[in-house]
Amino acid sequence: MKPSNTEITIFHNPSCGTSRNVLALIREAGVEPRVVDYQKTPYTRDQLAGMLLAMDLRPRDVLRTKGDLYTQLDLARPDWTDEQLLDTLVRHPVLVERPIVVTPLGTRLCRPKERLFEVLPAARPV
């Protein structure tokens, strides 16, 4: 049985190749997910904190280190607390690695894209 459309959400960045590939894999599985362009509809603090908890990750684990903003904000400093990093990720969603996929089977940062198969068995290649 394939998950219904409303059961799968991808937090997507259309300019990211990995994000586009994961979205394509979901659709190839016969599912049309809820697509959230998190740059247009940013994460709420509670939403991002909940997804981190569901993935058993800390804010630094999903922090995108590529790009000028990471350097400008000096986010490599080890003295940033989880709370400070979470607030920064909410203020600057471009700093969150992508894509994050939420399904009834779990939540995953799908980097690499094959991580999707851990929470979307319908997409598992035969």
(message) Tell me yes or no: at least one residue of the stretch 62-77 is among the basic types (K, R) and within 20 Å of I8 (Cα to Cα).
(response) no
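Pick from the stretch 21-39 the residues that are in a helix (DSSP H, G or I) and within 12 Å of the chain's Cα centre (by Cα): which of them is surrounded by the fewest Cβ atoms within 10 Å (Cβ to Cβ)?
So the first thing to find is which residues in the stretch 21-39 are in a helix (DSSP H, G or I), and the list is 21-28.
Okay, now just the ones that are also within 12 Å of the chain's Cα centre (by Cα), so 22-23.
Numbers: V22: 28, L23: 21.
That would be L23.
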(request) Within the stretch 87-98, work out how many residues are in a helix (DSSP H, G or I), in contact with a Leu (Cβ under 8 Å, 6 or more places away or on another chain) and without any contact (Cβ under 8 Å) to a residue 40 or more places away in the chain. (result) 2
(message) Residues that are more than 11 Å from V101 (Cβ to Cβ), in a helix (DSSP H, G or I) and in contact (Cβ under 8 Å) with a residue 40 or more places away in the chain: does the stretch 40-51 have at least one?
(response) yes
(request) Return the residue satisfying two criteria in turn: it lies in the stretch 106-123 and is in contact (Cβ under 8 Å) with a residue 40 or more places away in the chain and surrounded by fewer than 15 Cβ atoms within 10 Å (Cβ to Cβ), and of such residues it is farthest from T41 (Cα to Cα). (result) P112
(request) Might you check whether a residue that is in contact with a strand residue (DSSP E or B) (Cβ under 6 Å, 6 or more places away or on another chain) and either under 19 Å from P112 (Cβ atoms) or in contact (Cβ under 8 Å) with a residue 12 or more places away in the chain (or both) occurs anywhere in the stretch 61-83? (result) yes
(request) Mind listing whichever residues of the stretch 58-86 are part of a helix (DSSP H, G or I) and surrounded by 14 or more Cβ atoms within 10 Å (Cβ to Cβ)? (result) P59, R60, V62, Y70, L85, L86
(request) For residues that are in contact (Cβ under 8 Å) with a residue 40 or more places away in the chain and either in contact with a Lys or Arg (Cβ under 9 Å, 6 or more places away or on another chain) or among the β-branched types (V, I, T) (or both), tally how many sit in the stretch 8-32. (result) 16
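None of the figures in this text is laboratory data; all of them are computed from the coordinates on show. Just so you know, these numbers come straight off a predicted model, no measurement behind them. Don't worry about glycine lacking a Cβ; one is built from the backbone with ideal geometry, like all the others, and counts go over all protein chains shown.
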